[in-house]
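To keep things clear, I will list the structure first and then write my remarks on it.
The values are calculated or read from the model by the stated rules, or taken from the named source; none is laboratory data. Predicted, not measured: the structure shown is a model, and the values here were computed from it. Please note that ligands, DNA and RNA were not included when accessible areas were found on the heavy atoms of the full protein model with its side chains. Shrake-Rupley method; radii C 1.70, N 1.55, O 1.52, S 1.80 Å.
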Amino acid sequence: MILNHLWGLYAHPLEEWQTIDNRHENVKYSLSHIALIALIPSLMGYYSSVYLGWSIGTGDNVYLTHESAVLIGVAMYCALILGVFALAYLAHWMAVTFGAKPTFTQTLELAAYTATPMFMSAFASFYPELWFVACVGMVALAYSVYLLYTGVPILMHIPEERGFIYASSVVTCGLILLVIILAATAILWTNGIISPTFT
């Protein structure tokens with residue numbers, strides 16, 4: 001089953017990282033996990049913006065048209081998958097500096113399972129209030145960082161001291177990637193390439 005590690009990452013993350021390390025499924029397995037999990041924010045973004053509406057401040061709810069929401073959802077899906085791959089590539093590239101020699105599959109597993117809480121936080125869009133979604137997102141981000149710090153020493157097979165510095169470098173790269181994605185979104189948005197159409 002594609003999501004068989006999902007519960008373990010929340011219930012007992014250290015043991016689940018060990019299980020992931022022992023199994024080391026192939027790239028296809030990690031790709032299936034990423035492809036499925038990345039659907040959550042895209043579908044939730046579509047559903048909440050078309051059917052529930054977003055409330056910002058005290059004004060009326062804001063809705064998007066079906067076509068506009070589909071276009072933004074597809075763009076978000078592609079950006080999330082590319083972001084996970086970019087993070088996996090950077091983690092693989094930096095690993096040598098810290099005395100680790102992981103395969104790309106290992107770093108892809110690290111990136112995919114670390115990103116999972118962030119992607120799943122999109123379920124907060126069932127209650128599309130900006131403050132609520134932001135709070136859930138911050139908790140999910142904190143847990144993703146925790147998963148990264150606990151997973152690096154196990155998956156990369158390096159001591160915890162070096163693993164901490166390595167994980168900190170990966171977090172920095174992840175934040176830079178997030179800024180790049182947000183900047184690209186703003187550029188596409190302002191140039192009218194992927195601009196929302198409100199109802």
* Solvent-accessible surface (1.4 angstrom probe) belonging to Tyr143, in square angstrom, nearest 10 -> 60 Å²
* Near the amide H of Ala100, under 5 Å away, which other amide H atoms are found, from residues 5 or more places off or on another chain, if H is placed in the peptide plane? -> none
* **Degrees separating the helix 160-190 axis from the principal Cα axis of the chain, which is the longest one** => 20 degrees
* Structure fact -> Taking a ≥ b ≥ c as the square roots of the eigenvalues of the Cα gyration tensor, with a/c under 1.5 meaning rounded and otherwise prolate when a/b exceeds b/c and oblate if not, segment 1-51 is oblate
* **Rounded percent of accessible protein surface that carbon and sulfur make up, segment 1-92, 1.4 Å probe** => 69 percent
* Asked: In whole percent, what relative contact order does the chain give with Cα contacts below 8 Å and a gap of six or more residues?
  -> 27 percent
* In the set (1) 1.00; (2) 1.97; (3) 1.08, which value of Cα Rg over 2.2 N^0.38 Å was calculated from the structure you see? -> (3)
* Asked: Does anyone have the angle between helix 27-37 and the longest principal axis of the chain? Alpha-carbon axes, 0 to 90°, nearest 10?
  -> 30 degrees
* Structure fact -> Expressed in square angstrom to the nearest 10, the accessible area of Ile154 with a 1.4 Å probe stands at 30 Å²
* segment 44-93 and segment 114-180: distance between their alpha carbon centers, rounded to Å -> 18 Å
